[in-house]
Amino acid sequence: MSLLLDLTMQLPGAAVAPLMVLTPLLPLLLAPFAFTAIGRWGLALGVLPALLTALLVPVGSALDLSWVMLGVQLELDATGRIFLLFSGLIWLATGLYAATGPDRQHVAGRFALFYQLALAGNLLLILAADIVTFYVGFALMGLSAYGLILGRSQRARRAARLYLGFTLVGELALFSALALLAAAAGSTRFDELAGVPVSDAAVALLLLGFGIKLALPGLHPWLPLSYTAAPLAAVAVLSGPMMKAGLLGWLRFLPPGAPGLEPWGTALLFLGTLGVVLGSLLGVLQREPRAVLAYSSIAKMGLISALFGTALTQPAIAEPLLTALVLFAMHHLLVKPALFLGVGVWQAGPARVWVLIGIGLLAASLAGLPLTGGDAAKQALKAALNGQVSLLLVVSAAGTLVLMVRFLYLLAARAPRAAPFSLIPLLILVVLLPIALWGPFWPTEIALSLDGLVPLTMGAAVAAVAWWLTQDSPGRVPRIPPGDLYHWVARLRVMAPTLTWRGAPDLGIAATATTAARPRGTQAELTGAGLAMLVLIALLLVSLLPD
Amino acid sequence: MSLSNTLPALILVSSLLPGLAIFLLREDSHVLRTSLNMFGAIAKVILVGVMVWGVFHAQSFETRWTLAPGLDLVLSADALSVLFVALSTGLWLLTTVYAIGYLEGTPHRSRFFGFFSLCVTATVGLAMAGNLFTFVVFYELLTLATYPLVAHKGTPAAVRGARIYLAYTLSGGLLLLIGAVWLRTIAGPVDFVEGGALSDLSGLDPTALRWIFALLIIGLGVKAALVPLHGWLPQAMVAPAPVSSLLHAVAVVKAGAFGIVRVVYDVYGVELAGTLQLLPVLGAVAAITIIYGSIKALSQDHLKKRLAYSTVSQVSYIALGTAILGPLATIGGVVHLVHQGIMKITLFFAAGNYAENLGIHKVSEMDGVGRRMPGTTLAFTIAALGMIGIPPVAGFVSKWYLGLGAVEAGVAHWVLPVLIASSLLNAAYFLPILYRAWFKVAPTAWPAEQVRGGRLEMPGALLWPPVVTAALALAIGLFAGAPYSPLEWTQLIAAREYGL
């Protein structure tokens, strides 16, 4: 079924516990050395125990570290193992890329520090078997990513600020949700959560908290800004492993079949569909390759959310559906970072034509064209869905196809950056290519299916019509800057200055120095964070009152 | 004379005697004064260590002087008093080291360290007070011993700040005294008893009990800086940095919060406090204080003032946890007594270092200070993240238990929003500082840089205390489940208070 090999017999039992502990611990231990000579190569070292754990430790291995924090429980379950393996692969590839890529002179120091911290958080939340440990990992990962996005440019700083505002709101929503869950269950262990009814307030907060990570429509403005401004290595891990952690959160805390989840499933189906449509539409209008990829992520996460919502509404098919959904998510986890790294290699590197062909193959896989992993993942979903929501699948695939064509067109039209020749990033891409192209499946599992051609024709038709309509007058194409909502709110703010609260909390960090230079941007960041905060507070108030 | 009836007295004497001796020293006998200070501080740590071990193994310690029939001065050790004694003793040792380094070469050091020792004596005295009378005595002593410390610099601003402090705390002390006397007349001598001294008495007038509760809480609320009784705290930031540390983390504010915990749990008891409907009011006041303090902190550019309003907000977590019925909230509130103390003292140590080393007093002057003073700034960062409640720093543990307790008690609909708003506000006034310190470019010249030789960014006596307390704040969060951690100790307290 997947790339997982059964090597677990090879490992002596005594090595299980140290490997599991080292998985999140080694990056933490490497973090203080970020500023030394180890910093650069530590980027690739930190994730090695995680990969060994994923390959060698038997599923079901558990550890009880009762004296750490509030009693840390670690367990490697089947889902966690898949997440660990593929997340680990991407962290490894990205770490190697960062250590050898065009920015290699700058990665030791701050980038390496936050990279290790975010990695540790990501690995900890995958292995976590209790609420608090999961939360600690999720918070560590989410907050550390701020330091990854924070580049040297003004644009990156603005993106990081907005990211931090959204992430903080997400963490606090999650905190409240998990406190509600833990108090209802009287325990923080996952195995004792099963069967405990989840209150509406907790569900709403979980959807909000993880929905920010998954960039549900309305909660997404941070994403295009970060993806277009942050260093490419940061975007690679953001778009792959970190984003999928939001899905893992839903899988852990919202078991389909629990009473009262159906209406929420319907809401999520609706929101996710909106994400597919909006992500595709706004994505096509982008004028930067990275921005197109960003909106493509929003659309894909919309599809994943919609399908998770479907699983909530129909507990009967939930099990096969979620299994297929995890494979689908893993495919995206592999391809999207590979695309971003590909952009980096293409901009800097040698063999540009070949790199572009490789990127084209990856884009085809993301769009689910025949003989790719994307197609296989889609087939698995179709089989689990028994023909339901098939229109959504087709629309999503067609949308992705159009986005990928747009992405390749924009990429090829760009002038390359003058950069020194570096072979290693190219080699990383060469190794990553087959894994991302077919993963999480073995190439032998890929069957030729012509279903993929339906959205292909549809997408091609849509693209042709759109091109024909706009070719004479490019001015008719609306200009949507990456981060859409954020800019509109910013503009609204300028038109209605009385709405501005002068002493507004500087949630996204330090207004005083930048206000003079860019009053508009700073106000808008506050608004973005403020809006999200309002959503949070309103949700809390509304859903907590009746009980 | 066995250890069990002398140990509390010995702990008191270990700072009282050095303190009195220091008053008699000449200004230039630096070595002798430092030796006395350190001897007292270390002796106290050892004695308290013995006491912690004893209480954990269910030994009882009590020193009792009968002043008049029915009027006993009682020092005893239960789980709650040991928690506070251990906190103030440990932090006092570090503050002493810091103060010795901070005040090197300044005038009036004998006066300063004399009152400094008296201040800690009063604090451990009220921590070990076994009845309400003893508590009130040491509470007033604390006020008097702290006043000269706030006024220490002798500048007009310092004298004014100290006067305001005195006016507030003496009025508060008076109300506390009236409440205590009134309670004495209707209920006889009130010992602190786990589960509540009044819970065994019946036939008391509920109205009188409500009034007395209000008097006691207002009296204590002045020191605990409950809004609107908090006015003195931001004014008192004129004091030297070690005194601010003492005020905010070890002694004064904590004494008020500790008193509230005592009155609710060991005088009234959770059941009686519940039936008298006293706690919702306390909870509302605490919630308002939490939000108000944080909002005021946002607009302060003066670093110590921002930290002062942060204290106003954070100390009320303790009152909030006390006001929510149920063991989990109790754990959250009481453990914050320790967590807030360790995190806040780190912040004040660091603020003192910035002022001392570079002349930085304002947040807006802190650009790029992280590179210049990495050790201090790292300590500051850890403590600030803890204040926001970011795991695994200690503050998260408090917040988690407060959240759980709120859900358990069915008051999540207002407590969780308060906690969340407070966390966001904390983030809003701490993260900009961290951003400036680490990510902004340093100015070409600092406001008033001290030129020093040496390998470290600061003299060791000033650098190590914040580094140690920051490491401690991280460690007690990271190993909250370990034996003897503050969390485990608080769980013991909650179990005893609720008779579990």
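The values are calculated or read from the model by the stated rules, or taken from the named source; none is laboratory data. Keep in mind that this is a model prediction, so the values were computed, not measured. Cβ sites come from the backbone with ideal geometry, for glycine too, and all protein chains shown count toward neighbours.
General observations
- Out of B:THR444, B:THR469, sole residue that is among the hydroxyl-bearing types (Ser, Thr, Tyr) and surrounded by fewer than 22 Cβ atoms within 10 Å (Cβ to Cβ): B:THR444
- In the stretch A:133-149, the residues that are in contact (Cβ under 8 Å) with a residue 60 or more places away in the chain and crowded, with 24+ Cβ neighbours inside 10 Å: A:THR133, A:PHE134, A:VAL136, A:PHE138, A:MET141, A:GLY142, A:ALA145, A:LEU148, A:ILE149
- When B:ILE342 is tested against (1) over 30 Å from B:ALA99 (Cβ atoms); (2) of a type outside the set (S, T, N, Q); (3) in contact with a Leu (Cβ under 6 Å, 6 or more places away or on another chain), exactly one condition is not met: (1).
- The selection criterion, being over 18 Å from A:LEU247 (Cα atoms) and small (Gly, Ala, Ser), does not hold for A:ALA324.
Each row is one residue, and each column tells you yes or no for (1) under 30 Å from B:ALA475 (Cβ atoms); (2) touching a residue at least 60 places away in the same chain (Cβ under 8 Å).
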| position | (1), (2) |
| --- | --- |
| A:VAL21 | yes, no |
| A:PRO49 | yes, no |
| A:SER66 | yes, no |
| A:ILE82 | no, yes |
| A:GLY101 | no, yes |
| A:LEU117 | yes, yes |
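- In the stretch A:405-416, the residues that are closer than 11 Å to A:GLN286 by Cβ reach residues that are assigned to a helix (DSSP H, G or I) and not basic (Lys, Arg) with C-beta atoms within less than 7 angstrom, at least six apart or across chains, in these pairs: A:ARG406/A:VAL284; A:ARG406/A:VAL292; A:PHE407/A:PRO289; A:PHE407/A:VAL292; A:PHE407/A:LEU293; A:PHE407/A:ALA363; A:LEU410/A:PRO289; A:LEU410/A:VAL292.
- Residue in the stretch B:342-356 that is part of a helix (DSSP H, G or I), in contact (Cβ under 8 Å) with a residue 40 or more places away in the chain and within 14 Å of another protein chain (Cβ to nearest Cβ) present: no
- Against the conditions (1) closer than 21 Å to A:PRO241 by Cα; (2) at pLDDT below 90; (3) in contact with a Pro (Cβ under 8 Å, 6 or more places away or on another chain), A:GLY373 satisfies every one except (2).
- Failed condition for A:LEU52, given (1) away from chain B (no Cβ under 14 Å); (2) within 30 Å of A:PRO350 (Cα to Cα); (3) among the hydrophobic types (A, V, I, L, M, F, W, C): (2)
- Residue within the stretch B:127-136 that is in a helix (DSSP H, G or I), among the aromatic types (Phe, Trp, Tyr) and within 28 Å of B:LEU492 (Cβ to Cβ) present: yes
- Selected residue [within 30 Å of B:ILE324 (Cα to Cα) and of a type in the set (Asp, Glu)] from B:GLU488, B:GLU457, B:GLU449: B:GLU488
- Listed by position, the helices (runs of 4 or more DSSP H) contained in the stretch B:374-444 that have at least 3 residues being in contact with an Asp or Glu (Cβ under 8 Å, 6 or more places away or on another chain) are B:374-388, B:412-439.
- From the list A:LEU178, A:LEU207, A:LEU223, A:LEU174, the lone residue that is part of a helix (DSSP H, G or I), away from chain B (no Cβ under 14 Å) and more than 26 Å from A:VAL284 (Cα to Cα) is A:LEU207.
- Check on B:GLU457, under 30 Å from B:LYS296 (Cα atoms), modelled with pLDDT under 95 and charged (D, E, K, R): no
- Residue pairs meeting the criteria (Cβ under 6 Å; at least 6 apart or on separate chains; first surrounded by 12 or more Cβ atoms within 10 Å (Cβ to Cβ), in the stretch A:452-466; second part of a helix (DSSP H, G or I) and not aliphatic (A, V, I, L, M)): A:GLY452/A:ASP375
- Flag for B:ILE493 being more than 10 Å from chain A (Cβ to nearest Cβ), assigned to a helix (DSSP H, G or I), buried (at least 20 other Cβ atoms within 10 Å of the Cβ) and in contact with a Pro (Cβ under 9 Å, 6 or more places away or on another chain): no
- Of everything in the stretch B:397-428 that is facing chain A (nearest Cβ under 8 Å) and within 19 Å of the chain's Cα centre (by Cα), the residue that is surrounded by the fewest Cβ atoms within 10 Å (Cβ to Cβ) is B:LYS399.
- Verdict on A:LEU303 being under 14 Å from A:LEU437 (Cα atoms) and in contact with a Gly (Cβ under 7 Å, 6 or more places away or on another chain): no
- Complete set of residues in the stretch B:248-267 that are of a type in the set (D, E, K, R) and either surrounded by fewer than 24 Cβ atoms within 10 Å (Cβ to Cβ) or within 16 Å of B:LEU87 (Cα to Cα) (or both): B:LYS254, B:ARG262
- Look at the stretch B:61-75: where a residue is under 16 Å from B:GLY188 (Cβ atoms) and a partner is assigned to a strand (DSSP E or B) and charged (D, E, K, R), sitting 6+ places away or on another chain with Cβ atoms under 9 Å, you get B:THR66/B:ASP72; B:ASP72/B:ARG64; B:ASP72/B:ASP191; B:VAL74/B:GLU62; B:VAL74/B:ARG64; B:VAL74/B:ASP191.
- Wholly within the stretch B:143-237, helices (runs of 4 or more DSSP H) carrying at least 2 residues that are surrounded by fewer than 24 Cβ atoms within 10 Å (Cβ to Cβ), at pLDDT 95 or above and out of contact with any strand residue (DSSP E or B) (no Cβ under 7 Å at 6 or more places or on another chain): B:156-187, B:206-223
- Among the residues making up the stretch A:180-231, a single one is of a type in the set (Lys, Arg) and over 19 Å from the mean Cα position of the chain (by Cα): A:ARG189.
- Being under 22 Å from B:ALA286 (Cβ atoms) and more than 10 Å from chain A (Cβ to nearest Cβ) is a property that does not hold for B:ALA445.
- Within the stretch B:291-303, the set of residues being buried (at least 24 other Cβ atoms within 10 Å of the Cβ), in contact with a Ser or Thr (Cβ under 8 Å, 6 or more places away or on another chain) and away from chain A (no Cβ under 12 Å) comprises just one member, B:GLY293.
- Annotation note: Cβ proximity below 6 Å between a residue of the stretch A:25-45 that is touching a residue at least 60 places away in the same chain (Cβ under 8 Å) and a residue that is part of a helix (DSSP H, G or I) and among the polar types (S, T, N, Q) (sequence gap 6+ or interchain) occurs for A:PRO27/A:GLN116; A:LEU30/A:GLN116; A:ALA31/A:GLN116.
- On the stretch given as the stretch A:189-204, residues that are modelled with pLDDT under 90 and not in a helix (DSSP H, G or I) total 6.
- Residue ID - nearest to the chain's Cα centre (by Cα), chosen from residues in the stretch B:50-70 that are surrounded by fewer than 20 Cβ atoms within 10 Å (Cβ to Cβ) and assigned to a helix (DSSP H, G or I): B:VAL52
- For the residues B:LEU25, B:LEU73, B:LEU47, B:LEU36, the requirement of being buried (at least 16 other Cβ atoms within 10 Å of the Cβ), touching a helix residue (DSSP H, G or I) at 6+ places or on another chain (Cβ under 6 Å) and part of a loop (DSSP other than H, G, I, E, B) singles out B:LEU25.
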